[in-house]
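The values are calculated or read from the model by the stated rules, or taken from the named source; none is laboratory data. Keep in mind that what you see is a predicted model, and the values were worked out from it rather than measured. Cβ sites come from the backbone with ideal geometry, for glycine too, and all protein chains shown count toward neighbours.
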Amino acid sequence: MTHSNLQIPGYQVHGPIGQGGMASVYLATQESLNRKVAIKVLRNSNDAQFNERFINEAHFIASLNNPHIITIHDISTLANGDYYIAMEFLDGGDLSENREHFSEPAAILKLIRQIAQGLAVVHAKGIIHRDVKPANILMRKDGTAVLTDFGIAKDVDNNSDLTMAGHSLGSPSYSSPEQAQGQSLDVTTDIYGLGVILLELLLGHNPFKGNTHTSTAINHIQQALPALPAEFAYLKPLLDRMLAKRPQDRFQSCEELVAAIDPLLDPEATVTRPAAARPLQSLLPRKLPRLLLPALGLVAVIATVFALTYQSETEREINRLLQQAELGLEEGRLIAPEQDNARYYYRQVLLLEQDNREAHEGLERVTEIQVQDYVTRGAEALERGNLTKPRDKNALHYYRTALVLDEDNPQALAGIEQLATEYARRARAHVLEGDLDRAHRDTNTGLGIQPDNTELLELRTEIDAKMPAAKKLIRDVFGKIRKTIDGDG
C-alpha cells in the first residue's frame with residue numbers, strides 16, 4: 001500500500017523524506033508541541049512478525065537514554081492498522097554529507113568517541129547494532145553525532161534478529177570479518193565498523209571497499225591495515241585494536257575504546273607525534289629550557305642540540321637502510337629483486353645493530369604482507385574452483401604456503417577448513433548419486449587436506465560400509481596406481 005495521503009491525528013505530515021526495505025519515513029510537525037519529527041511507517045502491516053519486530057525496535061530505542069542515540073517520541077498505529085514511530089528529526093544530514101567538517105584528527109576522534117558512547121549504552125542492554133556506517137550516523141545542528149537505524153540490531157545471546165533486515169545483514173563496506181563470513185557476533189563487531197569509519201575519515205576513502213560484495217568481504221577478512229600518512233601515525237595503535245581481524249584482539253567494550261581515545265584528545269597528554277611537528281626545544285631535556293637556558297647562552301644551546309642530535313656513521317647507514325626498506329614495502333618489493341627489497345634492507349640493519357626494533361618489526365610486516373597475499377590468492381583460487389590444481393596455482397598451495405610463514409594464521413586455517421568442507425560436500429553428493437568411487441576419491445582428497453575432519457572421517461566409514469567387498473579389494477590393491485593416474489583433485 002502507499003502512504004501518499006498520510007493522515008496521523010496530532011501530526012501535520014509534510015511529505016516523505018526517506019525509504020528503506022521495510023518502512024517509509026516522513027517529515028511531520030507534532031501539533032501539541034509544535035516540533036518537527038520524523039515518522040517511520042511500516043509498510044508490511046499484514047505480516048505479524050514484521051509488526052512485532054518493528055515495535056520491538058521502537059521500544060528498544062525508546063528505552064535508551066543517551067544524547068548520541070536518536071530519541072523516540074511516540075509509538076502507535078494508523079487508522080488502517082499500520083504501525084508508526086515518531087522520532088527526533090535531525091536536519092543536519094548524515095555523516096557522509098558532513099565529511100568536510102571532519103578533516104582534522106581531533107574532530108574525527110570526538111565524533112568516534114560520541115558514537116562509541118552511544119554504542120556503550122546499546123551494548124549494556126545486550127544488543128549489537130550490526131550496521132554502524134556513515135549513513136546511520138546523523139548530525140544535529142550543534143554538531144552532536146547521533147546513532148540511528150536499529151533495523152538489524154541483534155541480541156548478543158540470541159541467534160534471532162531483533163528486527164528484519166529487509167535484504168542483507170549489515171553493509172559490506174563496514175562489516176567485520178566475522179560478519180562477512182556469517183559467523184557468530186559480539187559487541188566488537190560494532191567497534192570494527194566504527195574503526196572502518198575512523199580509517200575512512202583519515203584517508204578520505206574506504207580501503208576495504210572492493211568492486212563487488214565478495215571482494216569487499218575478502219578484503220575485510222584478509223587485507224592488512226594500510227599505511228597511514230605520517231601525521232596520523234600516532235593513531236595506528238588505536239586503529240590496530242579497533243580493526244583487528246580477530247574479535248578477541250579488539251577493544252572488548254566501547255568503554256575501553258573511549259578510554260583509549262581520551263588521551264589522544266588531551267593536549268596535556270604525552271602522545272607520540274610526527275617528529276617534524278615538534279619544536280626545536282622539544283629536542284632538549286624537558287626542564288632544561290625553563291631552568292638553564294638564560295645562563296647557557298647561544299653557544300651552549302647549540303652545543304646541547306648538537307650533542308642530542310649527532311649521529312654516527314653507523315646510525316646514518318642504519319637510517320638509510322630503514323628508509324630503503326620502507327620504500328621497498330611501499331612499492332611492493334618485499335623479497336625481490338635480489339639485494340633491493342624490504343627484507344634484504346631490514347636484514348642489513350640487523351647486521352649492524354642486532355636488536356634494532358624497527359628492523360625486527362619491519363621483517364614481521366614483510367611476513368604479514370606475504371601471508372595476506374597468499375591468503376588472498378587462496379581465496380581467489382577457491383572462488384574460481386581451483387582447489388588443488390593447477391600445480392602451485394591452487395587454493396591448497398596458497399593456504400599451505402601462508403601457514404608455513406604463519407602457522408596460526410586464522411584466514412589460512414579457515415581456507416583449509418573451507419577446502420575440506422567442499423570435498424566433503426562433493427563426496428556426499430556422489431554418495432547420494434551412488435557413485436562410490438568418486439565419493440571415495442573426494443573423501444581421501446579432503447582427508448589429505450585436513451586429516452582430522454570429522455565429517456570426512458564419517459563419510460569414509462560410510463563409503464567403506466556401502467562398497468562391495470570385491471570392489472573394495474580392487475580399490476585397496478590398485479588405489480595408489482589410480483591416484484597417480486587420476487591425480488588428487
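Does region 419-443 hold any residues that are surrounded by 20 or more Cβ atoms within 10 Å (Cβ to Cβ) and among the β-branched types (Val, Ile, Thr), and which are they? Of everything in region 419-443, just one residue is surrounded by 20 or more Cβ atoms within 10 Å (Cβ to Cβ) and among the β-branched types (Val, Ile, Thr), namely 443. Against the list (1) closer than 21 Å to residue 95 by Cα; (2) surrounded by fewer than 23 Cβ atoms within 10 Å (Cβ to Cβ), the condition residue 190 fails is (2).
Being in a loop (DSSP other than H, G, I, E, B), of a type outside the set (D, E, K, R) and crowded, with 17+ Cβ neighbours inside 10 Å holds for only one residue in 211, 206, 219, and it is 206. Every condition in (1) in contact with a His (Cβ under 9 Å, 6 or more places away or on another chain); (2) crowded, with 22+ Cβ neighbours inside 10 Å holds for residue 180 except the one numbered (2). Within region 396-412, the residues that satisfy the criterion of being surrounded by fewer than 16 Cβ atoms within 10 Å (Cβ to Cβ) and closer than 21 Å to residue 183 by Cα are 408, 410.
For residue 393, all conditions in the list (1) in contact (Cβ under 8 Å) with a residue 12 or more places away in the chain; (2) surrounded by 13 or more Cβ atoms within 10 Å (Cβ to Cβ) hold save one; what is the number of the exception? Result: residue 393 passes all but (2). Looking across region 179-216, the residues that are at pLDDT below 90, closer than 18 Å to residue 414 by Cβ and touching a Ser or Thr at 6+ places or on another chain (Cβ under 7 Å) come down to 179, 216. Only one of the listed residues (304, 309, 314) is modelled with pLDDT under 90, out of contact with any strand residue (DSSP E or B) (no Cβ under 7 Å at 6 or more places or on another chain) and buried (at least 17 other Cβ atoms within 10 Å of the Cβ). That residue is 304.
May I ask you to verify whether residue 329 is modelled with pLDDT under 90 and over 30 Å from the mean Cα position of the chain (by Cα)? Give the steps one after another, and end with the answer.
Details: modelled with pLDDT under 90: yes; over 30 Å from the mean Cα position of the chain (by Cα): no.
So residue 329 fails the test.
Of a type in the set (Val, Ile, Thr), surrounded by 10 or more Cβ atoms within 10 Å (Cβ to Cβ), at pLDDT below 90 and closer than 18 Å to residue 113 by Cα, is that true of residue 258? Judged against the criteria, residue 258 is not a match. A count restricted to region 144-170 and to residues that are within 21 Å of residue 68 (Cα to Cα), of a type in the set (Gly, Ala, Ser) and at pLDDT below 85 stands at 3.
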